[in-house]
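Worksheet: the structure to be examined is printed underneath.
What follows draws every value from the coordinates through simple rules; no lab data is involved. Model, not experiment: these values are computed from the prediction. Ideal geometry is used to build each Cβ from the backbone, glycine not excepted, and the neighbour counts take in all protein chains shown.
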Amino acid sequence: MNLFLRGQTSILQAEWQNNGQKATPGQCNQENDSDCCKAGELYTTYKCSPPISGTTKAVLTLNSFEKGGDGGGPSECDNKYHSDDTPVVALSTGWYSGGSRCLNNITISANGRSVMAMVVDECDSTMGCDEDHDYQPPCPNNIVDASKAVWKALGVPENDWGGLDITWSDA
């Protein structure tokens, strides 16, 4: 792994080159249009997320927390899988804050609606491209990775699922 460190205001960021870790067929689950790692590709990693405010801006992404889903293994917070019909989320590493938000609710607002969802996992911004991360790249530092139930509650048409600007706050 080759590291290239870059400092930014309130965001510690690094790039690392994925040397040879390429997903073979069947290793990377692309259920929700997830990206798979490519050998030799540079990926940005983060130790921090943007500062949290009363309403923090983020990007909502789609994730399956079910066994066999594109989320990989069981959730970090409770070592369980969760139904796609349950409003649950994974937060980028900085916001996950070592698990301090585990099993707590956050309020997500977008599309003129709000929904409460439980934090059950980390969307790892520090590592990726291995079996533990389902051979997917590291998560950006501003992600709320949500189950289908969250997207439905926000009233987003299914063909628009994938990336949506939102705000969130601790409930």
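Values computed for the structure shown
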read-out	value
Peptide ranges 55-64, 162-171 listed from the most packed, as the mean C-beta count within 10 angstrom indicates	55-64, 162-171
Sequence-distant aspartates and glutamates (8 or more away, or on other chains) whose Cα lies within less than 16 Å of Lys152	Asp84, Asp85, Asp160, Asp165
Burial ordering of Arg101, Arg113, fewest other beta-carbon atoms within 10 Å first	Arg113, Arg101
Cys129, Cys77 arranged by Cβ crowding within 10 Å, fewest neighbours leading	Cys77, Cys129
